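Note sheet for the following structure.
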Amino acid sequence: MIVVGGGSSSRFGSDKLMTEVAGRPLIAHTIAALKDHVDVCVLVCRADQQTELDSLDLGVTIVPGGATRTNSEMAGLTALGGEYDLIGIHDGARPLISRDLVERLFNKAEEVGAAVPALAPDTLLIDRRSLRPIQDATTAQTPQIFRGPALLAAYVRAAQTEFEGYDTVEVIHEFSDLTIAVVPGDPLNIKVTEPADLEKVAGPLGARS
């Protein structure tokens with residue numbers, strides 16, 4: 001599993017990963033929820049965060065990312081140092097990831113090639129240009145799981161063309177023919193984007209701790 005945490009936290013207003021919630025930095029909760037359920041876990045961070053993250057003794061490989069999400073994911077893939085049948089990409093700011101969702105995603109990806117968790121949107125989505133409602137839309141979560149060799153090949157091709165995807169599945173759509181299954185997501189698998197989101201995850205994280 002590659003955990004991506006190399007963003008600027010511009011909407012959050014401070015270093016989101018290191019913000020303490022339920023007695024630990026946010027990123028420590030995310031890693032703790034994942035690392036025992038995968039063979040290898042790599043955390044991709046901003047270069048200026050690495051020393052501080054190393055001091056947390058998270059028990060995972062920590063590497064600096066790039067200027068974009070796609071570059072950071074490539075850094076994580078490179079850090080794996082070998083071939084794996086299945087590889088997942090997860091947002092470092094989703095600390096409430098559950099073992100059940102991880103297992104369902106890996107099982108489905110093993111079956112069909114790739115698996116992405118998604119939920120029906122809880123608000124009306126409209127097209128910015130036409131202002132018409134978007135039909136049959138879903139909101140994607142992470143982790144997103146893919147067959148390892150196909151994922152690596154897709155990112156090599158993306159790097160060669162300097163393609164930048166919004167998330168992993170966009171790169172796979174562009175440079176792979178993998179079948180991607182949509183798996184029911186978890187409403188608790190919240191992404192912390194703004195300070196108010198900390199209140200949503202603090203209670204469940206405290207209960208887990």
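Please treat every number below as a calculation from the coordinates, not as lab data. Computed from a predicted structure; not experimentally measured. Positions of Cβ are generated from backbone atoms using ideal geometry, with glycine treated the same way; all protein chains shown enter the neighbour counts.
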**OP:** Measure off 7 Å from each Cα along the Cα-to-Cβ vector at Arg24 and Asp136, then give the distance between these two points in nanometres to one decimal.
**Re:** 4.1
Subject >> Under-5 Å amide H pairs with Thr68, H placed in peptide plane, nonlocal only >> reply: none
**OP:** Please label the shape of segment 2-208 as rounded, prolate or oblate, based on the square roots a ≥ b ≥ c of the eigenvalues of the alpha-carbon gyration tensor (a/c under 1.5 means rounded; beyond that, a/b larger than b/c means prolate, else oblate).
**Re:** rounded
Subject >> Anisotropy class of segment 102-173 from Cα gyration tensor, a/c 1.5 cut >> reply: oblate
**OP:** May I ask you to list, by number, the DSSP H helices of the chain whose Cα span along the axis is at least 15 Å and whose average Kyte-Doolittle hydropathy reaches 0.5 or more?
**Re:** 148-161
Original post:
Rounded if a/c is under 1.5, else prolate if a/b is larger than b/c, else oblate: which is segment 69-108, with a ≥ b ≥ c the root eigenvalues of its Cα gyration tensor?
Top reply: oblate
Subject >> Segment Asn107-Asp54, extension gain: residue separation times 0.36 nm, minus the distance between their alpha carbons >> reply: 15.9 nm
Subject >> segment 53-151, dipole about Cα centre (Lys/Arg Cβ +1, Asp/Glu Cβ -1), debye to the nearest 20 >> reply: 440
**OP:** Among DSSP beta bridges whose residues both lie in the chain, state the antiparallel percentage, nearest 5.
**Re:** 40
Original post:
Got a sec? Charge dipole of the chain, +1 on Cβ for Lys and Arg, -1 for Asp and Glu; which of Val183, Gly65, Val156 is way out at the positive end?
Top reply: Val183
Original post:
What's the extension gain from Leu124 to Ala153 if we count 0.36 nm per residue and subtract their Cα-Cα distance?
Top reply: 6.8 nm
Subject >> Neighbour net charge for Ala67 - beta-carbon separation under 14 angstrom, K R +1, D E -1 >> reply: -2
Original post:
Where the only charges are on Cβ atoms (+1 Lys, Arg; -1 Asp, Glu), what is the dipole of segment 2-208 about its Cα centre, to the nearest 20 debye?
Top reply: 380
Original post:
What is the gain in length, in nm to one decimal, between Ser98 and Thr68 on full extension, counting 0.36 nm per residue of separation less the C-alpha to C-alpha distance?
Top reply: 8.1 nm
Original post:
By a straight-distance test (C-alpha under 21 Å), which lysines pair with Lys16 as possible cross-link partners, with residues fewer than eight away in the same chain excluded?
Top reply: Lys35, Lys191, Lys200
